[in-house]
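Presented below is the structure to which this report refers.
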Amino acid sequence: MKKKFLLISILFIFFSVYSQKNEDAWVFMKDKPNSATFLANPLQMLSQRSIDRREKSNISIDEKDVPIHQVYYTKLKNEFTIAVLGKSKWLNAVHVQGTVTQINDLFSKFNFIESIEYANKSLNTNEKSKVNNSPSDHFSKFNEEQTDFNYGAADNQIKMLKGDYLHQQGFTGQNQVIAIIDAGFPNVNTLSAFERLRDNNQILGGYNFADRNANYYTRNSHGTHVLSTIAGYIENEFVGTAPDAKFYLFISEIAETETVLEETLWVEAAERADSLGVDMINTSLGYTTYDNPNHSHSYADMDGNTTFISRGAEIGVSRGMILVNSAGNSGTSSWRYVGAPADASSVFSIGAVNADENIASFSSFGPTADNRIKPDVLAQGQNTTIVNFSSGSVSTSNGTSFSSPVMAGVIACFWEAFPNKTNVEIMNLIRNSSDKYNNPTDQYGYGIPDFEAAYNTVLSLQDFDIFSKIKISPNPVKDFFSISKNNILLTEYSAEIFNILDQKVIELSNFSSNKIDISFLEKGIYLLKIQKGNQHKTIKLIKE
């Protein structure tokens, strides 16, 4: 009896102490009572550019776009027993911190709460059993090692992807807006490598979610280095992959610690980017391990729909954006897999190769826990050319942190070329052009894309579509016929008319003419052949 009493006393002390420890949790709301008002007035929650992007891709504005009900948020904010640290309209959730007792008591205080999800999964009811395969050590997601840089080496990371071909066609990222969500952007406002960016007003704004202020030219230099691979410019020395794109700069990462709050701040930043109408987001961040080991993710969590950040990322893609994310630098560690949100199905996850197109050993592996191919594709992430934030000089650094923005910039140029393509169509075209598309592997994914091939594939498809629209009338024809072009410019096309013996009888040199004269031909059946490159269409022509 004495031993039993002692055991009960120890357990009581344990749970009493534990209950006083602050925990992180997401409080999910049941509804958004003012949804109808916001949906009837979308400009109250989204910019016109964001609305235009949805319309272009035939994406409906829905309740996920509606802000969290302000009354609910205010009541939680004013609840003195807990701290409110962040929120997400997409997930209709508020990030809170407090003891387990204090957080659980919210159920009895507020009837608008649907559920509570703890970062410590052992505290969640009906949580499926998952083996924690997280490494016990704190792994740096940045993994930067900088060295001196030789002139001209920046060419390789662009030419590997055939990004230079897109530049030669005049596509340098103009009209594309990219949000960089990262750890900080010190000296972007002063370095000469970003002078062109500043002079052309290509930095549209930003926000520091980590400190809740408007100073985004601060904190960790990682974001500066990431931005440089896309937008840096030093004449005759360095050019980023999309030098004419426009940017929003957001800080969500708190580099000096590793906490689950960063997932919430990232989702907030992604929501802000969406509302401003950005086309793409680059994130050179990934989450697996936290300072509080109870919050760390297991490999089983890497299924694309378990972590808070990956759930938010999926919604972001559903709004029409492309989310480009580094796969991770864990290839040689006990945790070798991609992190979150790179595990999300719709996120475009980027692994790393060296200058010789061989896989970088640090590049994280797939597949995801539910056996999907990750990473999606690869770019140079070993000895990648960057601009050093302190000296402003060109140097090199390692990590999928840099293969991701190198890729993001080339994608921006590609999307500029074909602005009517949806985000999903663009990602599929890039995967299809990759060198291991027919034989993907756990670390290579679909391999290294060829953007020149992807570009020409789209042109061929467009030509095929154009050919399907070309018609002639009248047919049968007496003396004259016209070619119905449906506003298609045919100056790059050639046309010839053959008789049934396959003898050429007319070569048409002027497609701009409204009427084509065949009055001198004898009655009979002819073949009109319209051609561009290796594409052609043959139309049977009956001369009366």
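The values are calculated or read from the model by the stated rules, or taken from the named source; none is laboratory data. Predicted model only: the values in this text are computed from it and were never measured. No Cβ is skipped: glycine too gets one built from the backbone with ideal geometry, and neighbour counts run over all protein chains shown. We work out accessible area using only protein heavy atoms, side chains counted, and drop any ligands, DNA or RNA first. Shrake-Rupley method; radii C 1.70, N 1.55, O 1.52, S 1.80 Å.
Return the total of residues in segment 193-205 being open to solvent by 80 Å² or more (accessible area, probe 1.4 Å) and either in a helix (DSSP H, G or I) or at positive phi (or both). Residues that pass the stated criteria total 3. Taking the listed residues Asp52, Asp105, the one that is free of Cβ contacts under 8 Å to residues at least 60 places away in the same chain and open to solvent by 20 Å² or more (accessible area, probe 1.4 Å) is Asp105, with no other qualifying. In segment 244-255, of all residues being open to solvent by 10 Å² or more (accessible area, probe 1.4 Å) and part of a loop (DSSP other than H, G, I, E, B), the one that is nearest to Phe194 (Cα to Cα) corresponds to Asp244. Quick check on segment 220-239. Is at least one of its residues open to solvent by less than 10 Å² (accessible area, probe 1.4 Å) and assigned to a strand (DSSP E or B)? Yes: segment 220-239 contains one or more residues that are open to solvent by less than 10 Å² (accessible area, probe 1.4 Å) and assigned to a strand (DSSP E or B). Do we have Ser284 as open to solvent by less than 10 Å² (accessible area, probe 1.4 Å), polar (S, T, N, Q), closer than 27 Å to Ala360 by Cα and in contact with a helix residue (DSSP H, G or I) (Cβ under 8 Å, 6 or more places away or on another chain) here? When the stated conditions are applied, Ser284 passes them.
Just one of (1) more than 23 Å from Ser228 (Cα to Cα); (2) touching a helix residue (DSSP H, G or I) at 6+ places or on another chain (Cβ under 6 Å); (3) assigned to a loop (DSSP other than H, G, I, E, B) fails for Leu429. It is (3). Looking only at segment 499-544, residues that are aromatic (Phe, Trp, Tyr), at pLDDT 80 or above and surrounded by 10 or more Cβ atoms within 10 Å (Cβ to Cβ) come to 1 in all. Do we have Asn354 as more than 24 Å from His95 (Cβ to Cβ), surrounded by fewer than 24 Cβ atoms within 10 Å (Cβ to Cβ) and not charged (D, E, K, R) here? In short, yes. Among the residues making up segment 452-488, a single one is open to solvent by less than 50 Å² (accessible area, probe 1.4 Å), modelled with pLDDT under 70 and in a loop (DSSP other than H, G, I, E, B): Ile488. Condition check for Pro67 on (1) outside any loop (DSSP other than H, G, I, E, B); (2) closer than 28 Å to Thr422 by Cα: one failure, at (1).
Filtered by the rule that a residue be more than 21 Å from Ala270 (Cβ to Cβ), open to solvent by less than 30 Å² (accessible area, probe 1.4 Å) and outside any strand (DSSP E or B), segment 82-102 gives Ile82, Thr99, Val100. When the residues of segment 405-430 are filtered to those that are out of contact with any strand residue (DSSP E or B) (no Cβ under 7 Å at 6 or more places or on another chain) and within 14 Å of Asp244 (Cβ to Cβ), the one that is surrounded by the fewest Cβ atoms within 10 Å (Cβ to Cβ) is Ala417.
Screening the candidates Ser318, Ser298 for the property of being in contact (Cβ under 8 Å) with a residue 40 or more places away in the chain, open to solvent by 10 Å² or more (accessible area, probe 1.4 Å) and over 26 Å from Asn201 (Cα atoms) yields one hit, Ser318. Pairs are defined by a Cβ separation below 7 Å, a sequence spacing of at least 6 or placement on different chains, a first member in segment 256-277 that is farther than 23 Å from Tyr118 by Cα and surrounded by 24 or more Cβ atoms within 10 Å (Cβ to Cβ), and a second member that is at pLDDT 95 or above and hydroxyl-bearing (Ser, Thr, Tyr); the pairs so defined are Ala273/Tyr248; Asp274/Ser50. Pairing each residue of segment 148-176 that is within 20 Å of Ser434 (Cα to Cα) and basic (Lys, Arg) with any residue that is modelled with pLDDT of 90 or more and not in a loop (DSSP other than H, G, I, E, B), provided the two are 6+ apart or on different chains, yields C-beta distances under 9 Å for Lys159/Tyr165; Lys162/Val410; Lys162/Phe451; Lys162/Glu452; Lys162/Ala453; Lys162/Ala454; Lys162/Tyr455.
A quick yes/no check of all residues on (1) at pLDDT below 95; (2) within 12 Å of Leu76 (Cβ to Cβ); (3) hydrophobic (A, V, I, L, M, F, W, C); (4) open to solvent by less than 60 Å² (accessible area, probe 1.4 Å):
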{"position": "Glu114", "(1), (2), (3), (4)": "no, no, no, no"}
{"position": "Glu127", "(1), (2), (3), (4)": "yes, no, no, no"}
{"position": "Lys130", "(1), (2), (3), (4)": "yes, no, no, yes"}
{"position": "His138", "(1), (2), (3), (4)": "yes, no, no, no"}
{"position": "Lys141", "(1), (2), (3), (4)": "yes, no, no, yes"}
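Count of segment 396-407 residues, restricted to those that are in contact with a His (Cβ under 9 Å, 6 or more places away or on another chain) and in a strand (DSSP E or B), is 1.
Annotation note: Cβ proximity below 9 Å between a residue of segment 56-78 that is without any contact (Cβ under 8 Å) to a residue 12 or more places away in the chain and a residue that is open to solvent by less than 30 Å² (accessible area, probe 1.4 Å) and in a helix (DSSP H, G or I) (sequence gap 6+ or interchain) occurs for Ser60/Arg54.
Report yes if Lys64 is charged (D, E, K, R), open to solvent by 30 Å² or more (accessible area, probe 1.4 Å) and modelled with pLDDT of 95 or more, otherwise no. Spelling it out, Lys64 is indeed charged (D, E, K, R), open to solvent by 30 Å² or more (accessible area, probe 1.4 Å) and modelled with pLDDT of 95 or more. Restricting to segment 106-126, count the residues that are charged (D, E, K, R) and either in a strand (DSSP E or B) or in contact with a strand residue (DSSP E or B) (Cβ under 9 Å, 6 or more places away or on another chain) (or both). Going through segment 106-126 one residue at a time, the tally reaches 2.
In this entry, Leu85 passes the filter for residues that are under 25 Å from Arg272 (Cβ atoms) and either modelled with pLDDT under 90 or over 24 Å from the mean Cα position of the chain (by Cα) (or both).
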